[in-house]
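J.: Got a structure here, written out as structure tokens. Questions coming.
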Amino acid sequence: MIKLDRKHKNSLLVLFFTAMFILIALTPLVPGNEIETRLMVNCVGFDVDNESGMISVAAETISGGENEFIHGSGKAFSDALLNLNERYGRKIELGHCGLIVLGKDVTTPQATAILINILSDGMINTGCSVVSADVTASEFMQSAVLLTKSTGGGVSDYVSYADAYESVTIPSVLEIMQALSSKSGAAVMPIVGFDEKPSENVKGGGSGGGAGDSTEQSASQNDSASKVTEIKPSVTARVFGKESYELSEEDSRGLIWITSRTKGGLADAEMDFDGKHFILSSVVEDKKEGIKAEFSDKPVITFSIEARLKFTQRYELLDKVEKGYSIEEVLDNVNVAYEKRITEDIKRVADSAIKDDFLGLRTRLYRADPKKYREWSGDLAEAEYRFDIKVRVT
Amino acid sequence: MDKVTFRQIMCLTFLVAIAMKMFMLPVLMMRVSGRDSFISLIIMLSIDFVFLFIVCLTLHLSGEKNIFELLSSAFGVIAAKIILIAVGLFYGIKLFMILIDVRVFFSTSVFSSTMSPVHLIPLVLLMAYFAFKPLCASGRLSEIITPIVVVSMILLCCMTLPEVDFSYLFPLGAEGGERIMTSCYSFTLWFGDFSILLVLTGKTVNTGKKVYFALIPAIIGFVFLVVFSTTLFASYGDMTEVLTYGHNISNMTQYGAGSFKFGRINMVIYTMWLSAVLLSAGLMTTFMSHAVDYTFGRKAGKLLTAVCLAVIFFCSLVFNELNRVIELMTAYFWLPSIIVQYALPLVTVAAVIVNKFKEKRTYDKARQKA
């Protein structure tokens, strides 16, 4: 029998532990049968019938590159998922789900109940995006499958793209629940929808002005009726407060500036200069935003934005330079025009948030001074709004 | 020679600092004090830090005496046996709590459909291994495990922290101080782990004053712990009802690594830092085993340790209402926890002082005679 000395024994022990770690660590990397017994879902949507209270679940599955539409319903959240499992003979797996869609008729208590269920069961990534559909979630999902069948990927990929590279701010499920559970008790999410157009009307190329523009690259051919399905520009938002309702495009525009998750997008402004009216168009390259809430005689909310924009219509202003204006002078006017525009946008969205505080202003005031917050009536109409907007256009 | 080196003490301190507190403690604290758990955690960790210093003081000044010799020479054999058996019994209960912790964590987050008490058998066997092996085995194991645990912690930080909005942690203390204090004393069972390091008394190799450097890995461990717990406090401060038992680490990593069921990296990380918990539990078993050995002799001690482990496993089979067990522990075991875990370092340091005094008196008497 071989007798090992202490050093070799230790080496063997280390080897044993390393092997054990590798084996255990590799276990989850071997999906095996488990994934085949699951309905891997890329995007899930919920509708609630306000009369019967029935919850409907619709989802887009990912299965070997083939995306399919699946659905189920039940009196409670868990029943709906169970029904879906029974219909398709597999268990729904939301671990890879990147998008939750709430149907247009879902109310605030219903949205809260659905999201709290999905979050507390730990079945979904807390960073999963949440949007509201302009139709029912089921209709949304059917259109989504039409789009993604042709183009590949999943609808959540398109929404993620819009979130990161355009101007649409899409909250995560955790952010929505944080907002709904906070002192403000309201949340806002973009409304996303699909368009079906006859194929000859579809044009490629650049997009028009305005923040949150369409992802035209997402247009895809719908074989059955020679139509194309494309994601509509997400320019409006739905508020979930005491009630749920839609914000207009104008009211939603300010959200882009004060939400930290948005990184860029297009920004328009109007400018009168040297007797001529200009429509300015720029790309947001960088921005820093802040909302400071404090109590003095009354609540004071200061919105501060520092943005760096890249001007995309230089040639239109070149003749001004030729007429003897300096570039700095022209750009100063452009900066002022954008500052004015951003101030208007933010003021408008802040006014919209007085009824249902979807900007989280009450939460910020509570954080600033809990004692004064308790003494305060809670009416945001009493608050004074201040704006500190600095824009640098290059 | 059953002794641990300076490096092994450093590793053991780091692992003990994080081990038991990373499982369920943050969620349990949140249920009592919401986001103010942050303050409770800082208070309790500060107290732990002070007591770690006292433990280091004992390790430094006790010389070659082991804990039994230290206590018996200061307070007499009977008193030493009573103290050690009380502490050993307490650690037995704490070990049971760890088994429950591990089971709840795995049953809610990893093996939701397959986890049963039978799965704890390997863990209990591992505890027995620790109990019957010399201390240097635990020390060597800690040297192997610590780098892996540190790497997994750093990975966890990188994946999680960029996505967290820490502003939700505030305002702190807005709901008054009562719930902060309740949270502090209710969870003492999860704190005070450093007292198990007293089993190393008289079993260190030439550490001398260097033993105080063990405070550094403790601070690093505490920083990891506070960062991860704060992530949870900030994210769920307004909606504690969303969290279920065993949900803590799972929810944190979901920010960056997908669902805990399918997140590939998460599983690797859990596996790695879980080894810290196993080692910490192993040290508790060692303490229990040593206490029984010192009290009843080596042969009877081994038998009794085996019986104790069997009883602990049996209890984990019988008590299936895991959440109820945790609630009972929180409601009734905070006082014994304070008495045992915080009094033991004070008692040992008192023993060191008494022994020094006795030695001085003996020396003076000898000199007078001479």
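J.: In which sequence would A:155, B:242 go, from the one with the fewest C-beta neighbours within 10 Å to the one with the most? Walk me through the numbers on the way to the answer.
T.: Details: A:155 28, B:242 22.
Ascending number of Cβ neighbours within 10 Å: B:242, A:155.
J.: For chain B, what is the calculated [θ] at 222 nm in deg cm²/dmol (nearest 500), taking -39500 (n - 2.57) for each run of four or more DSSP H residues and dividing by its residue count? Mind dumping the intermediate values first?
T.: Values: 15 runs with 264 residues, N = 370.
So the helix-based figure for chain B works out to -24000 deg cm²/dmol.
J.: Would you work out which of A:254, A:360, A:346 lies farthest towards the positive end of the dipole of the range A:252-394, given +1 charges on the beta-carbon of Lys and Arg and -1 on that of Asp and Glu, about the Cα centre?
T.: Of A:254, A:360, A:346, it is A:360.
J.: OK, next. Where nothing but the Cβ of Lys and Arg (+1) and of Asp and Glu (-1) is charged, how large is the charge dipole of the range B:85-188 around its Cα centre, in debye to the nearest 20?
T.: Working: 5 positive and 6 negative charges, 105 e Å.
Magnitude of the dipole: close to 500 debye.
J.: Once you list every other residue whose beta carbon is under 13 Å from the beta carbon of residue A:240, what net charge do they have if Lys and Arg are +1 and Asp and Glu are -1?
T.: Details: positive: A:104, A:238, A:242, A:355; negative: A:105, A:175, A:243, A:246, A:356, A:357.
Result for the neighbourhood of residue A:240: -2.
J.: Among B:293-306, B:220-233, how do they line up by average Cβ neighbours within 10 Å per residue, starting with the highest? Show your work: numbers first, answer last.
T.: Values: B:293-306: 16.1, B:220-233: 21.1.
So the peptides B:293-306, B:220-233, ranked by packing, come out B:220-233, B:293-306.
J.: Can you give the relative contact order of chain B as a percent, counting alpha carbon pairs under 8 Å and 6+ residues apart? Spell out each step's value before the answer.
T.: Details: 506 pairs, mean separation 149.2, N = 370.
Contact order relative to length: 40 percent.
J.: Place +1 on the Cβ of every Lys and Arg and -1 on the Cβ of every Asp and Glu in chain B, take the dipole about the Cα centre, and give the residue among B:345, B:330, B:280 whose Cα lies farthest towards its positive end.
T.: So the residue we want is B:345.
J.: While we're here: Please compute, for peptide A:172-181, the average count of beta-carbon atoms on other protein chains lying within 10 Å of each residue's beta-carbon. Numbers along the way, then the final one.
T.: On the way: counts 3, 0, 11, 3, 0, 5, 8, 1, 2, 8.
Across A:172-181, the average partner-chain Cβ count within 10 Å equals 4.
J.: Between rounded, prolate and oblate, where does the range B:185-239 land on the alpha carbon gyration tensor, with a ≥ b ≥ c its root eigenvalues, rounded for a/c under 1.5, else prolate if a/b exceeds b/c? Present the calculation step by step, with values, prior to reporting the outcome.
T.: On the way: a/c = 5.27, a/b = 2.17, b/c = 2.43.
Judged from the Cα gyration tensor, the range B:185-239 comes out oblate (a/c at least 1.5, b/c at or above a/b).
J.: Using the Cα centre of the range B:6-369 as the reference point, and only Cβ charges (+1 on K/R, -1 on D/E), how large is the resulting charge dipole? Debye, rounded to the nearest 20.
T.: Working: 27 positive and 18 negative charges, 358 e Å.
Its charge dipole is roughly 1720 debye.
J.: Which trypsin sites (Lys or Arg not before Pro) from the range A:38-104 combine a DSSP loop assignment with at most 13 other Cβ atoms within 10 Å?
T.: On the way: sites: A:38, A:75, A:87, A:90, A:91, A:104; in loops: A:75, A:90, A:104.
Loop-located and lightly packed - A:75.
J.: Helix B:6-18: angle to the longest alpha-carbon principal axis of chain B, degrees 0 to 90, nearest 10?
T.: Once rounded, one gets 40 degrees.
J.: Using the Cβ atoms and a cut-off under 13 Å, what net charge is assigned to the surroundings of residue A:386, where Lys and Arg are +1 and Asp and Glu are -1?
T.: Around residue A:386, the charge tally is 0.
J.: Using +1 on the beta carbon of Lys and Arg, -1 on that of Asp and Glu, and nothing else charged, what's the dipole of the range B:1-144 about the Cα centre, debye to 20? Please report the intermediate quantities before stating the final value.
T.: Values: 11 positive and 7 negative charges, 32 e Å.
So the dipole magnitude of the range B:1-144 works out to roughly 160 debye.
J.: Going by how many other Cβ atoms sit within 10 Å of their own, how do B:360, A:355 line up, fewest first?
T.: Numbers: B:360 10, A:355 15.
Least to most surrounded, the residues fall as B:360, A:355.
J.: Another one. Which of the peptides A:124-131, B:10-17 is most tightly packed, and how do the rest follow, going by the mean number of other Cβ atoms within 10 Å of each residue? Can you show the working numbers first?
T.: Working: A:124-131: 24.2, B:10-17: 26.9.
Taking the mean over residues of other Cβ atoms within 10 Å, the ranking is B:10-17, A:124-131.
J.: Counting other beta carbons within 10 Å of each residue's own, what order do A:371, A:340 fall into, fewest first? It would help to have the intermediate numbers written out before the result.
T.: Values: A:371 10, A:340 15.
The most exposed by this proxy come first: A:371, A:340.
J.: Just want the answer: with Cβ charges of +1 for Lys and Arg and -1 for Asp and Glu, which residue in B:153, B:355, B:304 is farthest toward the dipole's positive end in chain B?
T.: It is B:355, whose Cα lies furthest towards the positive end.
J.: Rounded, prolate or oblate: pick one for chain B, where a ≥ b ≥ c are the square roots of the eigenvalues of its C-alpha gyration tensor, a/c under 1.5 means rounded, and failing that, prolate if a/b is larger than b/c, else oblate.
T.: Working: a/c = 1.85, a/b = 1.59, b/c = 1.16.
The shape class here is prolate.
Here, each number is a calculation from the coordinates, and none is a lab measurement. Quick caveat: nothing in here was measured; it's all calculated off a predicted structure. All Cβ positions, even for glycine, are placed from backbone atoms using ideal geometry, and neighbour counts span all protein chains on display.
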